[in-house]
Amino acid sequence: APPTSISVLAADTPAPFSRYQAQNFTLVCVVSGGKPAPLVYFKRDGEPIEATPLPEPPAGAGSWAPRNLLHRDLDDTKVPKSLAAEGEVGGGRPSATADPPRGLAAERGPVTETIPETVVSREFPRWVHVAEPIYYFRHTHAPVSDGTVEARATLTWTLNPQIDNEALFSCEVKHPALSMPMQSEVTLVAPKGPKITMTPTRARVGDTVRILVQGFQNEVFPEPLFTWTRVGSRLLDGSTEHDGKELVLERVPAELNGSMYRCTAQNPLGSTDTHTRLIVFENPNIPRGTEDSNGSLTGHCGFRLVLALTLTVILELT
């Protein structure tokens with residue numbers, strides 16, 4: 001029986017863009033419905049990829065981690081001081097872990113240093129890579145209850161955003177029941193030009209405002225991460241940032257008029273920032289100065305309302 005479906009996806013995504021550290025990237029090709037197991041291979045820009053096969057993971061062990069980071073190939077003019085100091089302290093000490101396959105990044109602990117926002121998103125340090133990336137390939141297959149076989153093939157290499165952005169990768173399948181290879185392809189693309197919409201289009205005091213990313217000027221792969229921040233201040237709920245495609249501001253107060261919001265969209269190929277300004281109009285149903293920072297009525301106004309209702313009840317009873 002020939003395979004019935006083929007798809008290509010990125011492992012461990014969505015994931016952030018890393019300007020200062022090399023990171024590994026893995027494409028996964030999933031082929032279902034075939035019997036016997038098909039032959040699966042990858043191409044880049046239409047050319048077959050010569051990849052080094054990786055051994056099968058031992059039974060019961062976790063899969064080989066494809067996204068470990070390496071503190072190397074750094075531009076000393078841009079690297080944060082804490083990272084440089086860490087490299088000096090660790091210099092000369094032997095590594096306690098086994099070396100990764102040649103051309104892949106080694107495992108490293110997390111880095112908490114924040115990259116300054118003044119650095120332009122498209123600016124890269126001086127990456128030092130070999131002329132051709134070194135690819136690693138793994139192929140596994142597992143029987144399915146209907147008697148067919150699901151095949152999975154992974155392609156892993158150290159990502160270089162400068163040359164891998166807009167590269168076309170395809171997964172092709174050969175099978176005795178197919179007259180020609182079956183294929184699925186993806187293009188690695190950094191996010192660019194997010195399209196942002198705001199509802200309602202004319203926000204008034206007390207409204208719930210939704211700011212949403214509806215798409216991009218280009219087709220983005222892999223799926224990006226979205227992070228919202230308020231320029232120069234915290235978000236309405238007191239947090240410094242919000243993750244997700246949509247930012248919801250409930251019962252906006254007049255104080256938010258003119259506030260600027262930044263949406264950062266990023267994937268391993270790159271990142272981009274888009275800003276939008278919130279304009280809040282007066283609400284005739286809410287007198288000026290009667291809403292607090294959360295957009296609700298103040299305690300004084302609420303007290304006057306309760307007092308008026310109490311007087312009304314007393315008058316009716318008498």
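Does the range 210-285 come out rounded, prolate or oblate by the C-alpha gyration tensor, with a ≥ b ≥ c the root eigenvalues, rounded set by a/c under 1.5 and, if not, prolate when a/b is larger than b/c and oblate if not? Note, shape of the range 210-285 comes out prolate. Ranking of VAL189, VAL205 by neighbouring Cβ atoms within 10 Å, starting from the fewest: VAL189, VAL205. Using the Cβ-Cβ distance between ARG234 and GLU282 with R0 = 22 Å, the FRET efficiency computed as 1/(1 + (r/R0)^6) comes to roughly 0.35. Remark: the THR187-THR199 segment gains 1.1 nm on full extension, using 0.36 nm per residue and subtracting the alpha carbon distance. Arranged from fewest to most other beta-carbon atoms within 10 Å of their beta carbon, ASP146, ASP164, ASP45 become ASP146, ASP45, ASP164.
A Förster distance of 30 Å, applied to the separation of the beta-carbon atoms of GLU132 and ASN218, puts the FRET efficiency at 0.70. Using R0 = 22 Å, the C-beta based FRET efficiency linking SER179 and SER5 works out to 0.80.
The distance between label points at VAL30 and THR52 comes to 2.9 nm (points 7 Å beyond Cα on the Cα→Cβ vector).
Note on THR229, THR274: ascending count of other Cβ atoms within 10 Å places them as THR274, THR229, the fewest first.
Every read-out reported here was derived from the displayed coordinates using simple, explicitly stated rules and does not represent laboratory data. Here the structure is a predicted model, which means the values were calculated and not measured. Glycine also receives a Cβ, built like all others from the backbone with ideal geometry; neighbour counts cover every protein chain displayed.
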